[in-house]
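Structure first, then comments.
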Amino acid sequence: MLNLRTCAAKLRPLTASQTVKTIFQHRPAAPRTFQQFRCYSAPVAAEPFLSGTSSNYVEEMYYAWLENPKSVHKSWDIFFRNANAGAAPGTAYQSPPPLTTSLSTLSQIRGHHVAQLDPLGILDADLDSSLPADIITSTDKLGFYGLDESDLDKVFHLPTTTFIGGNESALPLREIIRRLEMAYCQHIGVEFMFINDLEQCQWIRQKFETPGIIYSSEFLHRKWSSEKRFGLEGCEVLIPALKTIIDKSSEKGVDYVIMGMPHRGRLNVLANVIRKELEQIFCQFDSKLEAADEGSGDVKYHLGMYHRRINRVTDRNITLSLVANPSHLEAADPVVQGKTKAEQFYCGDTEGKKVMSILLHGDAAFAGQGIVYETFHLSDLPSYTTHGTVHVVVNNQIGFTTDPRMARSSPYPTDVARVVNAPIFHVNADDPEAVVYVCNVAAEWRSTFHKDVVVDLVCYRRNGHNEMDEPMFTQPLMYKQIRKQKPVLQKYAELLISQGVVNQPEYEEEIAKYDKICEEAHARSKDEKILHIKHWLDSPWPGFFTLDGQPRSMTCPSTGLNEEDLTHIGQVASSVPVEDFTIHGGLSRILKTRGEMVKNRTVDWALAEYMAFGSLLKEGIHIRLSGQDVERGTFSHRHHVLHDQNVDKRTCIPMNHLWPNQAPYTVCNSSLSEYGVLGFELGFAMASPNALVLWEAQFGDFHNTAQCIIDQFICPGQAKWVRQNGIVLLLPHGMEGMGPEHSSARPERFLQMCNDDPDVFPKLDDFDVRQLYECNWIVLIIFTPKSLLRHPEARSSFDDMLPGTHFLRVIPESGPAAHNPEQVKRVLFCTGKVYYDLTRERKARQMEADVAITRVEQLSPFPFDLLLREAEKYPAAELVWCQEEHKNQGYYDYVKPRLRTTINRAKPVWYAGREPAAAPATGNKKTHLTELQRLLDTAFNLDAFKDLA
């Protein structure tokens, strides 16, 4: 089964001197003397093969060879034969075949290719039924390596890189092969030789090669058959696998495990691993369950939960949290990692010894979805590592109906894990003892090295995709075999009974006992008093919406700050708060400019962000800003991390030097990922309401590749998952002539997902409370135009931020038009940077008294009340929505019906902006400027809409 190339390289025979010393004492008289041999074949020094070899050593071997040619290694045998045959000096030695690896090394590398992994016995887990020529499956291939069957009984020294010998330092080749086959070619296939760390490789070798390793004979826990939706039949062993990982991790000190998994086996895991009450699971399928109790947006097996219980194996408390997942199967991966990182952060677990994550995957999704790769590449980054995740792949060997040979190009679905040197343990899921052993090793690996590890449970799916689908349509041969396959519980029970571990009555008693538990739970589930599930949900925000049991007021308090604090934050933001720290000359000028603004009581965009963050840190609010290039800022405006120009890796974060007892500020550049990193930060933000967690896209458009997280988790979070989340998205956005890839953050997508009714004007008596309470999100998306970062008019005074000031949902006109509203002919409603284009154009046309410009700072929830006030203020004016985006994009489709509801459709709401287009922006600078001028002409041509009226 194994490559025998170069047993001499590392699996050396007993040395020549050892062999000779044993034989030499009893050797018969030599047919010729060694001196004759040397003269006949040439001096030892003439043979490169003999360089550095003592004459006595060679002499002993020579006499041993004369007695028995097989007592020395093949290479010496050839040398002595050639010399005795009269080979010319220097030619007696013949190099053996290239010696590149040892027998044990090859088995470690290639053994998994021939391991018996498929419980059905019909498929190859690596999708390849052929065997390479260097893998020996019978003794007739020994000749390929210059060996014959008699070599199998030779004794070889074992190298230090193998543990198959136990206390023995040498073994016959036949026994070496047998032991290596037992370690690497049975029901476990191990991939680890790509790991470039000797200690880690040796650790794994010891776990699988040491003789006498016995798998646990603990009785396999029986699951109760789930509803006919994505049950676990065919991979029932997943339950003891997870329990083993959790038990071993608990033994190693872990007290909080955060899990993510797809739908297959989810209810089973909830019941048998996390220990959710069975009656509560049954309740979820009761038609009388209210949407407010269960979450309105998804099927039952997607919901998450949270439970703290005693681990009976270790008698230690353990908290288990299962994160809700959508049908985008792997989308939950980064969310779980982010939540795990947050829990580690808040409990001071800097090494991942107390909090860990377990991720379950399906084989097709693990291989097919790129988010898996993105998540793996976060695993060792300092600001994103969770110090090791145990990945468990439920390898059905089929997708929904897709054969794995059509679903992936790699040999295994788990090959993506190789990019981070994670060991991969393939195991036949019909061998429970092998599975339990592998899971123990995986948990120990994670505890020892704090790195990722993958357990690939090679199994099958007994029924169709959702247990009602017909699999014979597409996999007839596989399912013919499955129909004949004994369930693993039955197979294992028969094995245990045959071994005398249990008897038949004991087995049947266990089955009946659990059936009774399930039946009693099903009966209790009919009691309407328990028809709720909220107490199982992992809601880390208790009391966030209530105060002393009463609804908390949703009115916003003043966000102002006293002048002393504003000045202090500004001074820190414009200095280097550590000694002997050399910054870049260009940055010195930037900090000097900041200092001048502070003296003038003025802030720009970057300094305003500093003020906001700094004031929150003083209040004990942790802030985490993450994304591509956020430390400096894509547009070189932020500079929250300073780099010493003379000392590598020496940095300073002034924001962490603001106050003696401030909250920590985490600002971290991410990998070049949107989907993965946004999911990670979403998970981080789940952990606490007393934190500001922000993700910034390099350009606003780039959230396109993170749309799944927005659609599946952020927008419907409370309605779908009964979860709150405070994640904030910073999306650089603006039509600035930079082409379609760097112009629009697609605000229309976010607005389309807002759940406020455009045709209903909220009651004014409880407007602030009711509108904010009922909407699905509140100011979570902030568009940050590049041009406004340094725009001379995009400035604010300290006066706008002092105590008593509030966030302004609408900024009304304050110029000449506001002082004579009856004479105003047009009100332009707008948002964002187009305001500065409009004010510049209005001034150039000298129309300050004719046109009022009102800025809508908060689009959703829509400020009906404030815009009604604006519309009533200018009774004779036309109402125009003006935007720089194209008509079929941006804000217009969202704003128009709400403006019409605001004014009760008393007059039309006109549009001034770019015409409809397929792309977000033109890529031609001249066309961009032409389009901008056209929208400005429309906005200020007071006769523009008369023909349409």
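Results, tabulated for the structure shown:
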quantity: Subset of the range 837-880 that is part of a loop (DSSP other than H, G, I, E, B) and among the hydrophobic types (A, V, I, L, M, F, W, C) - its residue that is surrounded by the fewest Cβ atoms within 10 Å (Cβ to Cβ); calculated: 876
quantity: Output for the range 676-696, where each listed residue is more than 11 Å from residue 335 (Cβ to Cβ) and either of a type in the set (Asp, Glu) or under 18 Å from the mean Cα position of the chain (by Cα) (or both); calculated: 677, 687, 693, 694, 695, 696
quantity: Of all residues in the range 912-943 being free of Cβ contacts under 8 Å to residues at least 12 places away in the same chain and assigned to a loop (DSSP other than H, G, I, E, B), the one that is nearest to residue 846 (Cα to Cα); calculated: 941
quantity: The range 563-618, residues that are buried (at least 16 other Cβ atoms within 10 Å of the Cβ), assigned to a helix (DSSP H, G or I), of a type in the set (Asp, Glu) and over 35 Å from the mean Cα position of the chain (by Cα); calculated: 565
quantity: Total residues in the range 447-462, condition within 21 Å of the chain's Cα centre (by Cα) and basic (Lys, Arg); calculated: 1
quantity: Failed item in (1) among the aromatic types (Phe, Trp, Tyr); (2) surrounded by fewer than 18 Cβ atoms within 10 Å (Cβ to Cβ); (3) within 27 Å of the chain's Cα centre (by Cα), with residue 665 passing the rest; calculated: (2)
quantity: Residues that are in a loop (DSSP other than H, G, I, E, B), within 15 Å of residue 851 (Cα to Cα) and touching a residue at least 60 places away in the same chain (Cβ under 8 Å), drawn from the range 813-836; calculated: 825
quantity: Residues of the range 418-442 that turn out to be within 20 Å of residue 373 (Cβ to Cβ), in contact with a helix residue (DSSP H, G or I) (Cβ under 7 Å, 6 or more places away or on another chain) and assigned to a helix (DSSP H, G or I), as a count; calculated: 2
quantity: Options 136, 195, 188; residue that is in contact with a strand residue (DSSP E or B) (Cβ under 7 Å, 6 or more places away or on another chain) and either at pLDDT below 85 or not basic (Lys, Arg) (or both); calculated: 188
quantity: Single condition residue 429 does not satisfy, out of (1) in contact (Cβ under 8 Å) with a residue 60 or more places away in the chain; (2) of a type outside the set (Lys, Arg); (3) surrounded by fewer than 19 Cβ atoms within 10 Å (Cβ to Cβ); calculated: (3)
quantity: Subset of the range 634-646 that is modelled with pLDDT of 95 or more and surrounded by fewer than 18 Cβ atoms within 10 Å (Cβ to Cβ) - its residue that is farthest from residue 663 (Cα to Cα); calculated: 646
quantity: Yes/no for residue 560 being in contact with a Pro (Cβ under 6 Å, 6 or more places away or on another chain) and either small (Gly, Ala, Ser) or surrounded by 20 or more Cβ atoms within 10 Å (Cβ to Cβ) (or both); calculated: yes
quantity: Selection count where residues are over 19 Å from residue 261 (Cβ atoms) and either basic (Lys, Arg) or crowded, with 24+ Cβ neighbours inside 10 Å (or both), scope the range 388-416; calculated: 3
quantity: Cβ pairs under 7 Å, 6+ apart, first in the range 150-166 and within 14 Å of residue 72 (Cβ to Cβ), second of a type in the set (Val, Ile, Thr); calculated: 156/176
quantity: Tally, over the range 882-911, of residues that are farther than 15 Å from residue 871 by Cα, touching a residue at least 60 places away in the same chain (Cβ under 8 Å) and assigned to a helix (DSSP H, G or I); calculated: 2
quantity: Boolean, residue 456 is acidic (Asp, Glu) and at pLDDT 95 or above; calculated: yes
quantity: Candidate set: the range 668-715, residues that are modelled with pLDDT under 95 and of a type in the set (D, E, K, R); chosen: the one surrounded by the most Cβ atoms within 10 Å (Cβ to Cβ); calculated: 701
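Quick grid of which residues meet (1) under 17 Å from residue 572 (Cβ atoms); (2) out of contact with any Ser or Thr (no Cβ under 6 Å at 6 or more places or on another chain); (3) not β-branched (Val, Ile, Thr):
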residue: 627; (1), (2), (3): no, no, yes
residue: 635; (1), (2), (3): no, yes, yes
residue: 645; (1), (2), (3): no, no, yes
residue: 648; (1), (2), (3): no, yes, yes
residue: 652; (1), (2), (3): yes, yes, yes
residue: 660; (1), (2), (3): yes, yes, yes
residue: 664; (1), (2), (3): yes, yes, yes
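The values are calculated or read from the model by the stated rules, or taken from the named source; none is laboratory data. Quick caveat, the model's predicted, so the values are computed rather than measured. Glycine gets a Cβ as well: all are built from the backbone with ideal geometry, and neighbour counts include every protein chain shown.
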